[in-house]
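Accompanying notes for the structure given below.
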Amino acid sequence: MPCHAKIRLSPIIYPLILLAAAQNASPQFSRITRLGQPQEVAPIERPDFSIKIPRPEAPARGDYLVISDSQEADGAVRHLRGNVTIELYNATIKAESIDYDEDTSVFTARGKVSYRNYLQNEIVYCDSLEYDSTTERGTFHHVRGFLKTKIVARPGLLTSQEPFYFEGVSAEKFADRYVLYDGFFTDCVLPRPWWTMHSKKIDIVPDDRVIAHRVVYKLRSLPSFYFPYFHKSLKKEPRKSGFLAPNLANSNRRGFMFAVGYYVAINRSLDATYIFQNFSKRGMAHHVDFRGKPTQKSDFNMIFYGVQDRGVTQNGYFAKAPGYSLLGTGRTAFGNGWTARASINYISSLAFRQQFTETFNEAIFAQTYSSAAVQKNFGNYTFDLGFSRQENFEDAVKGNSIILRKMPEATFSGRDRQLRSGALPVWFSFESSYGLAYRRQPKPEGTQPAGFYQTSQFSTRATADPSIVTRFAWGQFRLVPSFTFHNAFYTQSFTGGRVDSVNLRRTAPEVNIDFVLPTVARIFNRKSFLGDKVKHVIEPRMNYRYVSGVNRFAQTLRFDPLDLLSGTNELQIGIINRLYSKRGDTVNEVLTWEVFQKRFFDPTFGGALIPGRRNTVLAALQLTPYSFLDGTRGYSPIVSILRASPRPGLSLSWQADYDPRFHRFVNSTLTGDVRINRYFVSVGSEQVRPSALIAPPANQLRTTFGYGDPNRKGVNLGFSTVYDYRQGQLNYGVGQIAYNTDCCGISFQVRRLDFGTRQSDNTYLVSFSIANIATVGNLKKQERLF
């Protein structure tokens, strides 16, 4: 199963000052020193394990081949002298002299000895060796060697292509493992490695794991950490129960933070992680991550996070937000076309999220949505039985949120099925649903706001929407008309500001005509910075839509966009410009510009529109996600969507709504990204300036810029900010600096959040990465800038 790699370390990592004291009190530390150059050692060469060495003439198991300058026999002992090479079925031994006892199958090698195992990707140098070719056991003296590195590419983990290098006074080889005595290992570039791990005894099983006790971690020969126990998995998908490295951090609003955790591999299909965290100013936090893959076609992941908040005084008022969050995903396949999926996103309050989340985007996201569904696909038909819960928070006040729930809802739909072919083809499709729904309007705790209402716990809604589509063609011109009969039934309705049990029926016919116009294209055979050739394509669009019969729109309860259907008589006109570039045999779409507008021939939308307030109907929502209806209108804003990527590393996206009524852009979202070599810049602007009856204005600027990447050697810098022009304050700011060597790196990050209930919160984070082994610290991978 795909799992996070876990490095089992001791429950306590001593700082450098404690290690220095322990070194003085423990003489065994002083004996673990870098070994001097032995006599008659073979020249050490860094192997390239990515290249597989062919051995077409390798002997069979139990046999061996000998190459030497001279050979002598003394009974069962053969004396081989001068440039000796022994070829075994899985390995090669080289030395100046080798004695072989045919009775015991033992090779004794001396002088510039090297041993290479091709099956386990290892090479060992030593001054002498005793090796039993039958049991594949051996003893190496004054040993140095390399093991193939297991590269686990994961976000936040520094990687290196260097093989593991080890040295020791001696080593024992067993059939499947090595035991290194008085030695160290590293994966840094020699001869001056940045870090080494020293131990009296290191147990290595290639492609499996490394275990060591009483380990001293040295950084540039300076003792820096002490691990009573160290375990590193070399498996492709490592899983081992054990303690996680403790984390330390500091925040001016939450105080000194300390965290310790434990990971348990329950079995091959299940694992769990528990992390305890203590905030000196706020209280205790608990993190539980439970994952599983019971079968090949099913898996799940559940994450619980809760805080027992004592509260803290912020800017003169007392802030307290105990609570919890629950995130989860799961899927399974039952067979015969039946599948099930679930997604859980629940928080106890928005105040809890704002106080204890670590990311800005999550903190400002005021909506949660959870769903679970069982689905069956058969032919052109789909059956779905689902449960869902959605909560939209108005602010951080408890209870001030809209709750929508479906418990459950069954849907049955059929894709387009051709009923008639020929010059006038006909297709039929349908969508239907039956569900028990619930809606509750905002009700802040301790208040009874005007306009508050809620439905019964199980308010029934049923819908049926059959549709017929045909097509007319004249050359490159296509006319695609369709007719849909919208039917809906509700057991409750909204009348006089309250919900009553009066049934509501809606029967609304819809006529939709899609005009598919010919495209216009031109090719420019002139080389430019875009490529060898450029092709410009113009695609005109036109769609007419008419809906009638929605006579009780204001009395319809709103559970999802299906309930926003209103009467309309509209024509949408648009044009799409596309630029394609060709460089060699590669074609890319470098620019797309879409422009649309709707004309409304029924400015009241069948009587659904109420002047002087914000209105949301399906006809407007299908054009732009921004509201613009605060009164009768004969036309919509002009919607422009521009996307450009003229060169690798350069992209631009701009979505804007220009309203001719106000002669200005009422909504604008602009994002630009540039990356040149190691430099990167991202700028985003979000401006909202609608009518005062719809929403207050908003204007935010987001920036991210820096130099470097996660694995680059040297200094890497990154900064990210979110500035609110309307409030005149910096809502979010983060700066990160990292320094990477060829085999380790350290990162520092300073983060500031200032919005909502999270006022002037500064946090200081640090992490230390050992290439291909682990990252220790409180700077999580999802919180890094690179």
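The values are calculated or read from the model by the stated rules, or taken from the named source; none is laboratory data. Since we're looking at a predicted model, the values are computed, not measured. Every residue, glycine among them, receives a Cβ derived from its backbone with ideal geometry; neighbour counts consider all protein chains shown.
Name the residues in the stretch 654-678 that are surrounded by fewer than 16 Cβ atoms within 10 Å (Cβ to Cβ), at negative phi and under 26 Å from the mean Cα position of the chain (by Cα), would you?
672, 674, 675, 676, 678
Within the stretch 334-378, can you find the residues that are at pLDDT below 95 and either within 18 Å of the chain's Cα centre (by Cα) or assigned by TED's automatic domain parsing to the domain that holds residue 312 (or both)?
Correct list: 357, 358, 359, 360, 361, 362, 363, 365.
Contact list please: Cβ distance under 6 Å, first residue in the stretch 643-661 and more than 13 Å from residue 675 (Cα to Cα), second residue among the aromatic types (Phe, Trp, Tyr), pairs at least six apart or on different chains.
656/665; 657/626; 658/665
Any chance the stretch 409-431 includes a residue that's modelled with pLDDT of 95 or more and under 30 Å from residue 350 (Cβ atoms)?
yes
How many residues, within the stretch 726-755, are within 25 Å of residue 160 (Cα to Cα), without any contact (Cβ under 8 Å) to a residue 60 or more places away in the chain and of a type outside the set (Ser, Thr, Tyr)?
Of the residues in that region, 6 qualify.
Out of all the residues in the stretch 80-95, is one or more of a type in the set (A, V, I, L, M), farther than 24 Å from residue 190 by Cα and touching a residue at least 40 places away in the same chain (Cβ under 8 Å)?
Yes, because at least one residue in the stretch 80-95 is of a type in the set (A, V, I, L, M), farther than 24 Å from residue 190 by Cα and touching a residue at least 40 places away in the same chain (Cβ under 8 Å).
Pick out the one residue from 778, 731, 711, 772 that is surrounded by 20 or more Cβ atoms within 10 Å (Cβ to Cβ), closer than 25 Å to residue 673 by Cα and out of contact with any His (no Cβ under 9 Å at 6 or more places or on another chain).
Matching residue, one of 778, 731, 711, 772: 731.
Is there a residue in the stretch 131-143 that is acidic (Asp, Glu) and buried (at least 19 other Cβ atoms within 10 Å of the Cβ)?
No, there is no match, as no residue in the stretch 131-143 is acidic (Asp, Glu) and buried (at least 19 other Cβ atoms within 10 Å of the Cβ).
Which members of the stretch 234-256 meet the condition of being closer than 22 Å to residue 175 by Cα and surrounded by fewer than 19 Cβ atoms within 10 Å (Cβ to Cβ)?
Once the filter is applied, which keeps residues that are closer than 22 Å to residue 175 by Cα and surrounded by fewer than 19 Cβ atoms within 10 Å (Cβ to Cβ), the stretch 234-256 yields 235, 236.
Pairs needed: first member in the stretch 774-786, closer than 20 Å to residue 714 by Cβ and not assigned by TED's automatic domain parsing to the domain that holds residue 246; second member anywhere, assigned to a loop (DSSP other than H, G, I, E, B) and at pLDDT 80 or above; C-beta distance under 7 Å; at least 6 residues apart or different chains.
If the second residue must be assigned to a loop (DSSP other than H, G, I, E, B) and at pLDDT 80 or above, the pairs left are 786/708; 786/709; 786/710.
Among the residues of the stretch 300-320 satisfying the criterion of being free of Cβ contacts under 8 Å to residues at least 12 places away in the same chain and in contact with a Gly (Cβ under 7 Å, 6 or more places away or on another chain), which is nearest to residue 278 (Cα to Cα)? I'd like the intermediate steps shown before the answer.
Narrowing the stretch 300-320 to residues free of Cβ contacts under 8 Å to residues at least 12 places away in the same chain: 313, 316-318, 320.
Pick out the ones that are also in contact with a Gly (Cβ under 7 Å, 6 or more places away or on another chain) and you get 318, 320.
On the way: 318: 20, 320: 16 Å.
Looking at the filtered set, the residue picked out is 320.
So, in the stretch 263-286, how many residues would count as being within 27 Å of residue 751 (Cβ to Cβ), under 24 Å from the mean Cα position of the chain (by Cα) and surrounded by 16 or more Cβ atoms within 10 Å (Cβ to Cβ)?
The number of residues fulfilling the criteria is 6.
With the stretch 564-670 as the region, which strands (runs of 3 or more DSSP E) entirely inside it contain at least 3 residues that are touching a Lys or Arg at 6+ places or on another chain (Cβ under 9 Å)?
In the stretch 564-670, the matching strands (runs of 3 or more DSSP E) lie at 568-583, 586-600, 650-659.
Mind checking whether some residue in the stretch 504-518 is over 30 Å from residue 441 (Cα atoms), of a type outside the set (Phe, Trp, Tyr) and outside any strand (DSSP E or B)?
yes
With a cut-off of at least 3 residues that are of a type in the set (Phe, Trp, Tyr) and touching a residue at least 40 places away in the same chain (Cβ under 8 Å), name the strands (runs of 3 or more DSSP E) lying wholly within the stretch 208-271.
Values: elements: 209-219, 222-233, 242-251, 255-265.
Answer list for the stretch 208-271: 222-233.
Table: residues versus (1) of a type in the set (Lys, Arg); (2) touching a His at 6+ places or on another chain (Cβ under 7 Å); (3) under 23 Å from residue 759 (Cβ atoms).
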residue	(1), (2), (3)
289	no, no, no
316	no, no, yes
331	yes, no, no
363	no, no, yes
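Quick one: would you say residue 357 is in contact (Cβ under 8 Å) with a residue 24 or more places away in the chain and polar (S, T, N, Q)?
no
So residue 292 ticks every box in (1) farther than 26 Å from residue 767 by Cα; (2) at pLDDT 90 or above; (3) part of a loop (DSSP other than H, G, I, E, B) but one. Which box is left unticked?
Residue 292 satisfies every listed condition except (3).
Just for the stretch 50-66: of the residues that are in a loop (DSSP other than H, G, I, E, B) and of a type in the set (A, V, I, L, M, F, W, C), which one is modelled with the lowest pLDDT? Explain how you work it out, then say what you get.
At the first step, the residues of the stretch 50-66 found to be in a loop (DSSP other than H, G, I, E, B) are 50-64.
Those left that are additionally of a type in the set (A, V, I, L, M, F, W, C): 51, 53, 58, 60.
Details: 51: 79, 53: 83, 58: 89, 60: 91.
Among those that are in a loop (DSSP other than H, G, I, E, B) and of a type in the set (A, V, I, L, M, F, W, C), it is 51.
Output the number of residues of the stretch 674-697 satisfying the condition of being touching a residue at least 24 places away in the same chain (Cβ under 8 Å), touching a Phe, Trp or Tyr at 6+ places or on another chain (Cβ under 9 Å) and in a strand (DSSP E or B).
5
Using the structure shown, decide if residue 122 is among the acidic types (Asp, Glu) and more than 17 Å from residue 51 (Cβ to Cβ).
Taking the combined requirement at face value, the residue does not satisfy it.
Looking at this structure, is residue 559 aromatic (Phe, Trp, Tyr) and assigned to a loop (DSSP other than H, G, I, E, B)?
Yes; evaluated as a whole, the condition is true for this residue.
Applying the selection to the stretch 180-198, what residues are within 11 Å of residue 210 (Cβ to Cβ) and more than 37 Å from the chain's Cα centre (by Cα)?
The answer is 180, and nothing else.
Scanning the stretch 76-99 for residues that are under 18 Å from residue 60 (Cα atoms) and buried (at least 19 other Cβ atoms within 10 Å of the Cβ), which turns out nearest to the chain's Cα centre (by Cα)?
Selected residue: 91.
Of everything in the stretch 472-501 that's in a loop (DSSP other than H, G, I, E, B) and modelled with pLDDT of 95 or more, which residue is surrounded by the most Cβ atoms within 10 Å (Cβ to Cβ)?
Among residues in the stretch 472-501 that are in a loop (DSSP other than H, G, I, E, B) and modelled with pLDDT of 95 or more, the one surrounded by the most Cβ atoms within 10 Å (Cβ to Cβ) is 492.
Counting only residues that are acidic (Asp, Glu), in a strand (DSSP E or B) and surrounded by fewer than 22 Cβ atoms within 10 Å (Cβ to Cβ), how many does the stretch 100-130 have?
Going through the stretch 100-130 one residue at a time, the tally reaches 3.
State all residues of the stretch 525-543 that are in a strand (DSSP E or B) and surrounded by 13 or more Cβ atoms within 10 Å (Cβ to Cβ); if no residue qualifies, say none.
If the condition is that a residue be in a strand (DSSP E or B) and surrounded by 13 or more Cβ atoms within 10 Å (Cβ to Cβ), then 531, 533, 534, 535, 536, 537, 538, 539, 540, 541, 542, 543 are the ones that fit.
Report, by residue number, each residue of the stretch 561-598 that is under 30 Å from residue 500 (Cβ atoms) and buried (at least 16 other Cβ atoms within 10 Å of the Cβ).
562, 563, 564, 565, 566, 567, 568
Kindly list, by first and then second residue, each pair from a residue in the stretch 443-455 that is in contact (Cβ under 8 Å) with a residue 24 or more places away in the chain to a residue that is polar (S, T, N, Q) and not in a strand (DSSP E or B), limited to pairs with Cβ atoms under 6 Å and residues at least 6 apart or on different chains.
What qualifies is 444/400; 453/441; 455/492.
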